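Take a look at the structure below.
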Amino acid sequence: MTGRRSHGCSPGSAAVNFGRKPDIQAKARQDGPVDLSGVGAIAAAAVAALGIPAALAVGRWQMRAAIDAVQATAISDREQWRRSLRREACVQFLTATSEFDRIDSDRLDAEATEQAFTDAEAAIEGAHHRATEAYYILRIEAPDLSDPALRLLHAARQRAIGAVRSARSWQAEGVLRQLESESNPDMPSVRGALTNLMLAGGLPGVTPEEVERRRGQMMAAHFHALGLLNGLGVLTETQIRALMDAKKNPVWASELLKTLREARDAFLAAVHSTLNST
């Protein structure tokens, strides 16, 4: 029928609006090309972000290793320093105790004056003072060496005192021989008293128990000899005491020397053991 107005969309318009799928490719063309460089940058940033903890861990390990190395070096240096101090203290102590050996007792013979003996005894006390100072330094730096060091100090001093006492005894013997050469009438009694003192005091091989049993006999022999020697009027008190000590223990001087050698060997062995173990 002509002249009828058609309502709605035209067939062409219907073809366009109904039944059409979105054109994805057209949309992509409309939006433009994808920026691949941006995607790569984002990916790289993500990878780098993931690598930061690993880098921090590696850095921390390296720092820890460096600190450990520094600490190990510091400990080694400190131990070396301590060993050096201990060695120096040992050398100083040995040097101080060797002063006792250098006291010239060879000049303390029958011709020596009382002043010579006094000087020798003063030298012993001076050496003992210096050795004692060295001992206390050693005790601070190497306390584990205190005991053998103290034994060495005591043995060295006793050996020096014994050397001077022996020299006094030799001098007194020289005086007695001079009196014998002059046929002094008191000398037979003096010699007999000194022999009894030696027998009562303890000859080599006599046990301490035997000496204790004969203590009364020894005291009687001691005072008898003392009275006769004083009666001679030619010996000093120190000469008489040294002579009687020598008679009571004729091997005393050699025992002191043996004790000193043993003490020195024991100290050196302890020093080597200590320094090599630290």
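Rule-based calculations on the coordinates, nothing more; no lab input. What you are looking at is a predicted structure, and each value in this text was computed from that prediction instead of being measured. Cβ sites come from the backbone with ideal geometry, for glycine too, and all protein chains shown count toward neighbours.
So the values come out like this:
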| quantity | calculated |
| --- | --- |
| Approximate shape of the range 87-277 as ellipsoid semi-axes (Cα gyration tensor, √5λ), whole Å, largest first | 38, 20, 11 |
| Estimated dipole of the range 87-277 in Debye, rounded to 20 [Cβ of Lys and Arg +1, of Asp and Glu -1, Cα centre] | 460 |
| Dipole of the range 102-173 [Lys/Arg +1, Asp/Glu -1 at C-beta], most positive-end residue of ALA112, PRO143, SER169 | PRO143 |
| Highest-first arrangement of 140-149, 267-276, where packing means the average Cβ count within 10 Å | 140-149, 267-276 |
| In nm, spacing of pseudo-spin labels at VAL91 and THR113 (7 Å Cα→C-beta vector) | 4.0 |
